[in-house]
Amino acid sequence: MTIDSAAVAGALARLRERRPRVHCITNSAAVNFTANVLLSAGAIPSMTVNPEELPDFVASADALLVNLGTLDPLRREAIDVAVGVAGAAGTPWALDPVFVERSRPRLALARQLLARGPTVIRGNRPELDGLTGAGGDDAAADALARSSRATVVRTGEVDYVTDGARAVRIAGGHPLMASITAAGCAATALLAGFLAVEDDPVTAASACLGFVAAAAERAGAQAAGPGSFVPAFLDALHALTPEEAGAQARIS
Amino acid sequence: MTIDSAAVAGALARLRERRPRVHCITNSAAVNFTANVLLSAGAIPSMTVNPEELPDFVASADALLVNLGTLDPLRREAIDVAVGVAGAAGTPWALDPVFVERSRPRLALARQLLARGPTVIRGNRPELDGLTGAGGDDAAADALARSSRATVVRTGEVDYVTDGARAVRIAGGHPLMASITAAGCAATALLAGFLAVEDDPVTAASACLGFVAAAAERAGAQAAGPGSFVPAFLDALHALTPEEAGAQARIS
Amino acid sequence: MTIDSAAVAGALARLRERRPRVHCITNSAAVNFTANVLLSAGAIPSMTVNPEELPDFVASADALLVNLGTLDPLRREAIDVAVGVAGAAGTPWALDPVFVERSRPRLALARQLLARGPTVIRGNRPELDGLTGAGGDDAAADALARSSRATVVRTGEVDYVTDGARAVRIAGGHPLMASITAAGCAATALLAGFLAVEDDPVTAASACLGFVAAAAERAGAQAAGPGSFVPAFLDALHALTPEEAGAQARIS
């Protein structure tokens, strides 16, 4: 399966036009950068983790991010409430099982959440390995997609997107993405935004990752290191047109 | 009523000289940027939301910010303690009812806080609309100022400052301010700092917003997008002299 | 005692090669910047403050940071758990008693933690003054080092490192370090990373601070103000070779 340039361009154009609201439950290291990534790309973030407020925020959001970083009792409760509201409303949601391979309580929660129907799961290879207990390779990702009925995204040098039947690879990006904190977390949040404007999760994920890779390449060409990469990446998310992102995305 | 260039320059000069301590209870997306805005402009931030510590921090602060973002049980208690200490000590405080239009528990708290005597309330039009239940236009802002006895600030393309009897408009700024997270939150924190060095809240708010708009214009002229706007804005807050800020501020 | 260029270069080379995991319990204003400082320099951060998860994270970390900022009940419990795990495993840990001079509950906790064997304590003069109750000068720092059996680091225009028997001064750096939030907090986190690759705490602290000062000088030469200083500082932490850092460090 191939997602073509027009699919990437179309999804980004709709994101810019509709400006979806993305409610993010995310970790403390990622919260500012994630909000700026969403704003730069064209979406509207909200970030509260207060369980009492989540019904209102999630009910008025177009997509939800559940990131398991800096998990604490308040976030646990917030996640439970938010996933319930999203499930009842049919709102798409993306699960980011950050560092599950290093925390048993977090891994246990991630496995419970798999059963609650995330639209997309996005992790790196060690995280997917932790989650599946059966490795993080393509076959394990495919199996996880089939068992969870979610689209599974493994990011790395080449990204891999699978729903268990169809699979897509996205190349490109820039090595400095690995030297800044919360790059993956913010990408999952943006992916949630794409789910709000593109019904097919495989297309949404591929379009998002192709766009992120294109922005990272542009930023990497200008940056002198990880510090200057951050503002350059946000600038590129803001500046890239749908046509440029579509033309630059390397999806196969 | 007009606030002239000399008033802006004078307030900023006193901020730089006295370096007021501003204690901030703010949301997780805003905390780092807010601290950097205060430091760049010349004030000294502290950011704890621990109720146990707030009496000491607020008692040794010159002004207080109460921002309702990422409201949680701990912040609720922190706000209650901090407002009590500020009220007893006569310390000025600024209320930022961020996203009250999207959360009923937050709106209820904002309305309770109105009765506890904030010096200034700062919001955008949807937030003031949510707060008043009667729209966010000039007349609604004036009415809110009269009923709450606070100075009300509505930020937008043109900012509006009113105490119900006097009204001021501040033009300028830059559209990229709307593409970065926490710009309004940080402006309210800085406004609290101006309250510490300028007794008249209408003058303090106008001077602060005129300064912020001048810095945003300078930053916007250099930035390639929202990412590079952030460091350029902080640089401008640090570099602008009181005279430059006064001359550039567009207050009527 | 003098730590020479080769010692600085050697410690940084080992940090880059071994990529130590540094678990950070730190304040909300510092969390993103601290993670980026560690990544830029070559270490791997984790940042959770969830007590339930800390045994797993600290047990798989090579060093621990305990920063007392935005102290709240959850962080209190997290600190207690983390220090216990680190102590049992012999993992080095650094204590940052940020703002202890402004909060009595925080000061009380800092004094309790002194008795639990931190490898290094890092503060500025007012913080060390608050901690010792006997001033923050060299003699007070020496006395604190002897009584606590920790290496004590006082940062300022010239940094001072002492274990009560040996003392080292590190000059250099840049004044803009005082105009950005969390610079000291992030330096203590990086110092924890150096403790993971250099057994002598005085050498580890001196090498870290010499490296930080070298990066700050390089950044300050390029920056237009505190905003552009932040990305330039991260770029410099990433770009400086061990040999450059060693040659530039001004340690006596």
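When a/c reaches 1.5 or more, the comparison of a/b and b/c decides; with that in mind, is chain A rounded, prolate or oblate per its Cα gyration tensor? Could the numbers behind the result be given before it?
Numbers: a/c = 1.36, a/b = 1.22, b/c = 1.12.
The shape class here is rounded.
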State, as an integer percentage, the relative contact order of region C:142-252 based on alpha-carbon contacts under 8 Å between residues 6 or more apart.
-> 26 percent
Kindly report, to the nearest 10 Å², the accessible surface of B:ASP129 as traced by a 1.4 Å probe over protein heavy atoms only.
-> 70 Å²
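Partner chain Cβ atoms within 10 Å, averaged over the residues of B:96-102 - can you pull that number for me?
Details: counts 0, 0, 2, 6, 0, 2, 10.
So the per-residue partner count for this stretch is 3.
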Can you grab the distance from the C-alpha centre of region B:1-51 to the C-alpha centre of region A:194-250, Å, no decimals?
-> 35 Å
Percentage relative contact order, region C:5-251, counting C-alpha pairs under 8 Å, at least six apart | 23 percent
Report the antiparallel proportion of the DSSP beta bridges in the protein assembly as shown as a percent, rounded to a multiple of 5.
-> 35 percent
How would B:SER252, A:SER40 line up by accessible area, probe 1.4 Å, largest first?
-> B:SER252, A:SER40
Note, ³J(HN,Hα) from phi for region B:80-94, Karplus 6.51, -1.76, 1.60, rounded to Hz, x at Gly and Pro = 4, 5, 5, 5, x, 5, 5, x, 5, 8, x, 7, x, 9, 10
DSSP bridge orientation in region B:5-251 - percent antiparallel, rounded to nearest 5 | 35 percent
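Any idea of the total accessible area buried by the A-B contact, 1.4 Å probe, rounded to 100 Å²? Mind showing how you got there, number by number?
Details: alone 10090 and 10090 Å², together 18150 Å².
It comes to approximately 2000 Å² buried between A and B.
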If you count, for every residue in A:40-52, the Cβ atoms of partner chains within 10 Å of its Cβ, what is the mean?
-> 5
By average C-beta atoms within 10 angstrom, highest first, the peptides A:181-191, C:178-188, A:107-117 | A:181-191, C:178-188, A:107-117
Hey, any idea what % of region C:5-251's accessible area is carbon plus sulfur with a 1.4 Å probe?
-> 51 percent
Among B:GLU77, B:GLU217, B:GLU127, the residue with the largest mean-square fluctuation in a Gaussian network model of chain B built from Cα contacts under 10 Å is B:GLU77
Does the protein assembly as shown classify as rounded, prolate or oblate by the C-alpha gyration tensor (a ≥ b ≥ c root eigenvalues; a/c under 1.5 gives rounded; else a/b over b/c gives prolate, otherwise oblate)?
-> rounded
Determine ³J(HN,Hα), in whole Hz, for all residues of region C:138-150 in sequence, where each value follows from phi through the Karplus function 6.51 cos²θ - 1.76 cosθ + 1.60 and θ = phi - 60°; x replaces Gly and Pro.
-> 4, 5, 5, 5, 4, 5, 4, 4, 5, 6, 8, 6, 9
Under the rule of -39500 (n - 2.57) per DSSP H run of 4 or more residues, summed and divided by the residues of chain C, what mean residue ellipticity at 222 nm is obtained, to the nearest 500 deg cm²/dmol?
-> -16500 deg cm²/dmol
Averaged over B:219-227, how many beta carbons belonging to a partner chain fall within 10 Å of each residue's beta carbon?
-> 6
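Do you know the relative contact order of region A:87-164, to the nearest whole percent, from alpha carbon pairs under 8 angstrom that are 6+ apart? Show your work: numbers first, answer last.
Working: 130 pairs, mean separation 20.8, N = 78.
For region A:87-164, the relative contact order is 27 percent.
The values are calculated or read from the model by the stated rules, or taken from the named source; none is laboratory data. As the structure is a prediction and not an experimental result, all values here were calculated from the model. Every residue, glycine among them, receives a Cβ derived from its backbone with ideal geometry; neighbour counts consider all protein chains shown. For the accessible areas, the whole protein counts, side chains as well, though only heavy atoms, and no ligand, DNA or RNA atoms are used. Shrake-Rupley method; radii C 1.70, N 1.55, O 1.52, S 1.80 Å.
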